[in-house]
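Everything on this sheet refers to the single structure shown next.
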Amino acid sequence: MTDLTITDVRLTPILVADPPLLNTQGLHQPYTPRLIVEVVTADGVTGVGETYGDAKYLELARPFAERLTGRQVSDLNGLFAIADEVSVDDARVDNQVDVGGLRGVQTADKLRLSVVSGFEVACLDALGKALGLPVHALLGGKLRDSVEYSAYLFYKNADHPDGIPSEKDDWGAALDPAGVVAQARLFHERYGFESFKLKGGCFEPDQEIAAIKALAEAFPGKPLRLDPNGAWSVETSLKVAAELKDVLEYLEDPALGTPAMAEVAAKAGVPLATNMCVTTFAEIQEAFTTGAVQVVLSDHHYWGGLRNTQQLAAICRTFGVGVSMHSNTHLGISLAAMTHVAATVPNLHHACDSHYPWQSEDVLTERLTFRDGKVAVSDAPGLGVELDRAKVESLHQRWLDENYAHLRDRDDAAAMRVLDPEWVTPSVPRW
Ligand SMILES: [Mg+2]
């Protein structure tokens, strides 16, 4: 009889290389924090998960891990009860604008769910390995053999500013329409992506309109998206929508907050997507009943795991709202988890976002690959990935290194200040 009792839990914070990508808040740091979660069963089966690694997540993950020992990896509902027991300083985190993640207002609840997801994925991986079943089978079974992803285009500098040593990437700079198109061509050549999303909110809207028009010319008929992370007023959003409605698949979070999104949606003539105004179950009702969003970009990290993602998809289906996936800087464990759950969602009609091509480092023995813009759904037990302990250890050593200690909490505005000492996080709407 298989013994599914959890006998050990390992938490390993790491710093992974990240290119100098721009967003409306600033610049990606040269290294970004992630947390690797491992749960070990009495039979010696190890399951792996991954989530955000900033201090506020570690503070929650540590007491969470202590409570896991002795429980069953199959007790996924029990993870939410544990989350209720571990506390954070609500006053410290509530209602701050989430730094770096750009996923709406930060709350203690969202932090807790982001920690739950790391453990949920690790438990599902262990359970699948113990039973000889892939994670998608534990979620009801795959509906497709591969999952389509979009090219995630960024305005980007060629190099990180001088400060600490950083990894050199081979993407070059992209700071105007020609640079964005060149980057898109590279994405298409290297990975076969057939749809393209540009992270906007960095330059005057006219410049970003020009970039999308240049993409439409370079890739006629391909789905295009633009995401300024709520940087625009309703008026600016409508102006951009009028310019781009014939070429956009959807406009993502043009304005901040559900009422502003509803105002834009009523007149835009193009679907609106969000990973900022619908980020919790509590936010769904207002957004759906006011018609503020037509596509919800789920993210299993902050929605609380793969099963919550399926529940979100079912609610979207009920209301005739589309569903796809948001992505923040992540490694192969999370890409595997995203792919398993995406394979089980019937109403997934848009290519998912993934930062993965930007991550030159990983903690796996073998990186996941995109072919024709798609990741194959693994039928191997668990997630179908294997942790490379030497890589985890080396990225953990970087996290321990005092020279990098200031990067343990992601702060895109601080990273931008290394380049531009006058930089402050722009107030919203920026344009
Ligand atoms: Mg977004």
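The values are calculated or read from the model by the stated rules, or taken from the named source; none is laboratory data. The structure displayed is predicted, hence computed values, not measured ones. Cβ: placed from backbone, ideal geometry, glycine included. Neighbour counts: every protein chain shown. Ligands, DNA and RNA are excluded from the accessible area calculation, which covers all protein heavy atoms including side chains. Shrake-Rupley method; radii C 1.70, N 1.55, O 1.52, S 1.80 Å.
A few notes on this one:
- Any hit, region 33-46, residues being of a type in the set (Asp, Glu), under 30 Å from residue 423 (Cα atoms) and open to solvent by 10 Å² or more (accessible area, probe 1.4 Å): no
- Residue 340 vs. criteria closer than 26 Å to residue 15 by Cα, open to solvent by less than 50 Å² (accessible area, probe 1.4 Å) and outside any helix (DSSP H, G or I): no
- Test: residue 312 is within 14 Å of the ligand (Cβ to nearest atom) and open to solvent by less than 10 Å² (accessible area, probe 1.4 Å): no
- Among the residues of region 380-431, just one is part of a strand (DSSP E or B) and at positive phi, namely 382.
- Tally of residues being among the acidic types (Asp, Glu) and in a helix (DSSP H, G or I) across region 36-73: 2
- Some residue of region 293-308 being away from the ligand (no atom under 14 Å from the Cβ), free of Cβ contacts under 8 Å to residues at least 60 places away in the same chain and surrounded by 24 or more Cβ atoms within 10 Å (Cβ to Cβ): no
- Where a residue in region 156-180 is modelled with pLDDT under 95 and its partner, wherever it lies, is assigned to a helix (DSSP H, G or I), with Cβ under 7 Å and at least six apart: 161/418; 161/419; 163/418; 164/403; 164/404
- Scanning region 271-292 for residues that are away from the ligand (no atom under 12 Å from the Cβ) and either closer than 25 Å to residue 82 by Cα or open to solvent by 10 Å² or more (accessible area, probe 1.4 Å) (or both) yields a count of 12.
- Answer residue from region 102-123, given it is of a type in the set (A, V, I, L, M, F, W, C) and within 16 Å of the ligand (Cβ to nearest atom) and is modelled with the lowest pLDDT among those: 102
- Any pair with Cβ under 6 angstrom, 6 or more apart, that starts in region 325-343 at a residue that is touching a residue at least 24 places away in the same chain (Cβ under 8 Å) and ends at one that is part of a helix (DSSP H, G or I) and polar (S, T, N, Q): 341/309
- Selection status of residue 126, open to solvent by less than 10 Å² (accessible area, probe 1.4 Å) and either among the small types (Gly, Ala, Ser) or within 16 Å of the ligand (Cβ to nearest atom) (or both): yes
- Complete set of residues in region 228-259 that are assigned to a strand (DSSP E or B), open to solvent by less than 10 Å² (accessible area, probe 1.4 Å) and farther than 18 Å from residue 291 by Cα: 231
- Scanning region 384-398 for residues that are in contact with a helix residue (DSSP H, G or I) (Cβ under 9 Å, 6 or more places away or on another chain) and open to solvent by less than 30 Å² (accessible area, probe 1.4 Å) yields 385, 387.
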